[in-house]
Amino acid sequence: MMNKLFRSTTDSKLTGLCGGLAQWLGVNPTLIRLVVAAAALCSFGTVALIYVIGSILVPKVPYSHF
(Lines give C-alpha, C1' and ligand atoms only; values in the text may rest on other atoms or scores of the structure.)
Protein backbone atom coordinates (compact mmCIF):
# COMPACT_ATOMS: atom_id res chain seq x y z
CA MET A 1 0.00 0.00 0.00
CA MET A 2 1.35 3.43 -0.91
CA ASN A 3 1.58 6.14 1.68
CA LYS A 4 -0.16 9.33 0.71
CA LEU A 5 1.19 12.76 1.47
CA PHE A 6 -0.95 14.68 3.95
CA ARG A 7 -0.35 17.74 6.11
CA SER A 8 0.13 16.66 9.70
CA THR A 9 -2.34 17.76 12.34
CA THR A 10 -0.32 16.41 15.26
CA ASP A 11 3.18 17.54 14.23
CA SER A 12 2.67 21.03 12.88
CA LYS A 13 4.34 24.36 13.50
CA LEU A 14 2.76 26.49 10.77
CA THR A 15 0.66 24.43 8.40
CA GLY A 16 1.81 20.85 9.05
CA LEU A 17 3.41 20.46 5.63
CA CYS A 18 6.92 19.72 6.93
CA GLY A 19 5.54 17.31 9.54
CA GLY A 20 3.53 15.47 6.91
CA LEU A 21 6.45 15.41 4.50
CA ALA A 22 8.73 14.04 7.22
CA GLN A 23 6.22 11.33 8.08
CA TRP A 24 5.84 10.47 4.38
CA LEU A 25 9.63 10.23 3.93
CA GLY A 26 10.24 8.55 7.28
CA VAL A 27 12.68 11.15 8.61
CA ASN A 28 12.86 13.55 11.54
CA PRO A 29 10.53 16.57 11.09
CA THR A 30 13.16 18.92 12.53
CA LEU A 31 15.52 17.96 9.72
CA ILE A 32 12.88 18.76 7.11
CA ARG A 33 12.12 22.11 8.77
CA LEU A 34 15.81 23.06 8.84
CA VAL A 35 16.28 22.11 5.18
CA VAL A 36 13.19 24.08 4.13
CA ALA A 37 14.25 27.13 6.17
CA ALA A 38 17.79 27.08 4.75
CA ALA A 39 16.50 26.56 1.22
CA ALA A 40 14.00 29.42 1.61
CA LEU A 41 16.80 31.77 2.64
CA CYS A 42 19.15 30.65 -0.13
CA SER A 43 16.51 30.76 -2.86
CA PHE A 44 15.42 34.35 -2.18
CA GLY A 45 11.91 33.20 -1.26
CA THR A 46 11.20 30.74 -4.06
CA VAL A 47 11.02 27.81 -1.63
CA ALA A 48 8.77 29.87 0.65
CA LEU A 49 6.39 30.36 -2.28
CA ILE A 50 6.49 26.62 -3.04
CA TYR A 51 5.77 25.97 0.67
CA VAL A 52 2.68 28.19 0.56
CA ILE A 53 1.44 26.54 -2.64
CA GLY A 54 2.10 23.08 -1.16
CA SER A 55 0.20 24.02 1.99
CA ILE A 56 -2.79 24.94 -0.15
CA LEU A 57 -2.64 21.86 -2.40
CA VAL A 58 -1.76 19.09 0.08
CA PRO A 59 -4.80 18.05 2.13
CA LYS A 60 -4.84 17.60 5.91
CA VAL A 61 -4.94 14.10 7.34
CA PRO A 62 -8.53 12.80 7.27
CA TYR A 63 -9.89 11.72 10.64
CA SER A 64 -10.00 8.06 9.51
CA HIS A 65 -6.15 7.93 9.41
CA PHE A 66 -5.70 8.53 13.16
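The values are calculated or read from the model by the stated rules, or taken from the named source; none is laboratory data. From a predicted model like this one, the values you see are computed outputs, not experimental measurements. Every residue, glycine as well, gets a Cβ built from its backbone with ideal geometry; the counts of neighbours run over all protein chains shown. Please note that ligands, DNA and RNA were not included when accessible areas were found on the heavy atoms of the full protein model with its side chains. Shrake-Rupley method; radii C 1.70, N 1.55, O 1.52, S 1.80 Å.
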Where only protein heavy atoms count, and the probe is 1.4 Å, what is the accessible area per residue for the chain in Å²? 75 Å²
Given backbone amide H placed at 1.01 Å from N, residues whose amide H is under 5 Å from that of Lys60, ignoring those fewer than 5 places away on the same chain, are Arg7
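Rank these by accessible area, largest first, 1.4 Å probe: Phe44, Phe6.
Numbers: Phe44 200, Phe6 40 Å².
Accessible-area ranking of Phe44, Phe6, largest first: Phe44, Phe6.
Quick one: order Ile50, Ile56 from most to least accessible surface, probe 1.4 Å. Numbers along the way, then the final one.
On the way: Ile50 105, Ile56 130 Å².
Result, largest first: Ile56, Ile50.
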Relative contact order for the chain using alpha-carbon pairs under 8 Å, separation at least 6, rounded to a whole percent? 34 percent
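What number comes out for the charge environment of Leu25, summing +1 per Lys or Arg and -1 per Asp or Glu over other residues with Cβ under 15 Å away?
On the way: positive: Lys4, Arg7, Arg33; negative: Asp11.
Net charge in that neighbourhood comes out at +2.
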So what's the back-of-envelope 222 nm ellipticity for the chain, counting only DSSP H runs of four-plus at -39500 (n - 2.57) apiece and dividing by all residues, rounded to 500? -16500 deg cm²/dmol
Of all accessible surface on the chain at a 1.4 Å probe, what whole percent is carbon and sulfur? 70 percent
